[in-house]
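Pasting a structure below so you can have a look.
What follows is calculated from the coordinates using simple rules that are stated; it is not laboratory data. Keep in mind that this is a model prediction, so the values were computed, not measured. For neighbour counting, all protein chains shown are included, and Cβ atoms are generated from backbone atoms with ideal geometry for every residue, glycine included.
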Amino acid sequence: MGERLHDKVAIVVGAGSTPGETMGNGRATAILFAREGARVLLVDRDGDSAEETRRMIASEGGEARSCVADVTSSDACARMAEACVEAWGRIDILHNNVGIGGMGGPVELTEVAWRRVLDVNVTSMFLTCKHVLPTMERQRSGAIVNISSLAAIRAAPYPMLVYNTSKAAVNGLTRSIAMQYADRGIRANAIMPGLIETPMAMEGIAAGLGISRSELKRRRDAAVPMKHMGEAWDVAWAAVYLASDEARYVTGVLLPVDGGVTLKG
Ligand SMILES: NC(=O)c1ccc[n+]([C@@H]2O[C@H](COP(=O)([O-])OP(=O)(O)OC[C@H]3O[C@@H](n4cnc5c(N)ncnc54)[C@H](O)[C@@H]3O)[C@@H](O)[C@H]2O)c1
């Protein structure tokens, strides 16, 4: 066990994982947080998936609890924050991982799909922050890590209008909270993962483009200067740093974790 998050209490929102050949960013992050000594509340609307993450952490001797919540609901976010304080008395880290894809441009996309993606990707982060920040403010300490995407600052080669828009909003939300709370001991940062080989991205995008998983992998590997996609663990290690006291002077940062994709033009 590491010590980088020793004595910290963390909430990981979206700590389950879409099933598939690899592992999601949220599950990998929850596992690393626990390995580094944090007690972790595993929040997910899919209780079985959160439980699976809890079992993985428990099997390594870590401490975690699962909590079923749909974070598009304000009441559910309030209950999530209360559950964490009830269990461990504080909230040091809020890690917002929940996000869903959305293919298509303004003509193809339905209004229902547009609103749904903004609700899940952006409103959820507003609501978790709304209900966690009062506790962090009382403590005069806390670290928020939001999972954005490189899509916030670069257009994908295929239309993903609402996804790009939602992640740009996550960057704005992060910087706004970072500024407001900078003098209260609370930091807020975002990670912008590039092309990561997670089930949600691989299975979701392959289906959306109507191509095989192996063809998508070939294309995504080739698009990265390092010539391979990242793993969920790469995103998770960045989250460990930003959540830890090692990053105590770092706030409002939008950190690419992308194998060099942002170096290209
Ligand atoms: N894989 C990539 O290439 C890539 C690139 C950039 C950004 N990202 C971002 O990474 C994040 C996804 O990471 P992941 O791999 O862990 O995904 P995942 O789908 O494996 O896990 C996300 C979890 O969130 C849960 N969830 C979804 N909606 C929810 C809701 N309303 N309330 C509560 N839980 C909910 C799901 O049940 C799932 O268990 C997203 O924010 C995504 O935009 C991924």
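Output the 0 to 90 degree angle, nearest 10, between the alpha-carbon long axis of helix 47-59 and the longest principal axis computed from the alpha carbons of the chain.
Orientation of helix 47-59: about 60 degrees from the principal axis.
Based on the Cα atoms of the chain, what semi-axes does the equivalent ellipsoid have, where each is the square root of 5 times one gyration tensor eigenvalue, given in whole Å with the largest first? Intermediate values should be presented prior to the final figure.
Working: eigenvalues 156, 78, 68 Å².
Computed over the chain, the values are 28, 20, 18 Å.
Output the 0 to 90 degree angle, nearest 10, between the alpha-carbon long axis of helix 213-222 and the longest principal axis computed from the alpha carbons of the chain.
On a 0 to 90 degree scale, this one is about 80.
Moving on. Calculate how large, on average over all directions, the projected area of the Cα convex hull of region 87-209 is; give the answer in nm² to one decimal.
8.4 nm²
Continuing with this model, one more query. Please work out how much length the chain gains when fully extended from Asp48 to Glu3, using 0.36 nm per residue of separation minus the C-alpha to C-alpha distance, in nm with one decimal.
Taking Asp48 through Glu3 to full extension adds about 13.3 nm, to one decimal.
Something else now. Could you sort 142-149, 222-229, 86-93 so that the peptide with the highest average Cβ count within 10 Å comes first and the rest follow in order?
142-149, 86-93, 222-229
What are the ³J(HN,Hα) couplings of region 107-116, residue after residue, when phi is run through the Karplus curve with 6.51, -1.76, 1.60 and θ = phi - 60°? Round to Hz, x for glycine and proline.
Taking θ as phi minus 60°, the curve returns 7, 6, 6, 7, 5, 4, 5, 4, 5, 5 Hz for region 107-116.
With +1 on each Lys and Arg Cβ and -1 on each Asp and Glu Cβ, and nothing else charged, work out how big the dipole of the chain is about its Cα centre, in Debye to the nearest 20.
580 debye
Between Arg138 and Arg55, what FRET efficiency follows from the Cβ-Cβ distance if R0 is 41 Å, with the result rounded to 0.05?
Working from the Cβ atoms, E equals 0.80.
In addition: Evaluate the Debye formula for region 1-62 with equal point scatterers sitting on the alpha carbons, no solvent, and hand back log10 of I(q)/I(0) at q = 0.27 Å⁻¹, in q order, two decimals.
The calculated log intensity ratios at q = 0.27 Å⁻¹ are -1.12.
Relative contact order for the chain using alpha-carbon pairs under 8 Å, separation at least 6, rounded to a whole percent?
Across the chain, relative contact order equals 20 percent.
Mind listing the phi-derived Karplus ³J(HN,Hα) values for region 192-205, rounded to whole Hz, using 6.51, -1.76 and 1.60 with θ = phi - 60°, and x for any glycine or proline?
10, x, x, 9, 10, 7, 9, x, 4, 6, 5, 5, x, 6
Could you give the length gained on full extension between Glu111 and Met226, defined as 0.36 nm per residue of separation minus the Cα-Cα distance, in nm?
Gain on stretching Glu111 to Met226: 37.6 nm.
Pull up the cross-link candidates among the lysines for Lys227, meaning alpha carbon to alpha carbon under 20 Å and not fewer than 8 places away within one chain.
In chain and number order, the partners are Lys217, Lys264.
Roughly how tilted is helix 232-243, in degrees to the nearest 10 and between 0 and 90, from the longest Cα axis of the chain?
40 degrees
Ile211 to Ile153: FRET efficiency via 1/(1 + (r/R0)^6), r the Cβ-Cβ distance, R0 22 Å, to the nearest 0.05?
0.30
Rounded to whole Hz and in sequence order, give me ³J(HN,Hα) for region 244-260 from the Karplus expression 6.51 cos²θ - 1.76 cosθ + 1.60, θ = phi - 60°, writing x for Gly and Pro.
Result, ordered by residue: 8, 5, 4, 9, 4, 9, 10, 8, x, 8, 10, 8, x, 10, 8, x, x Hz.
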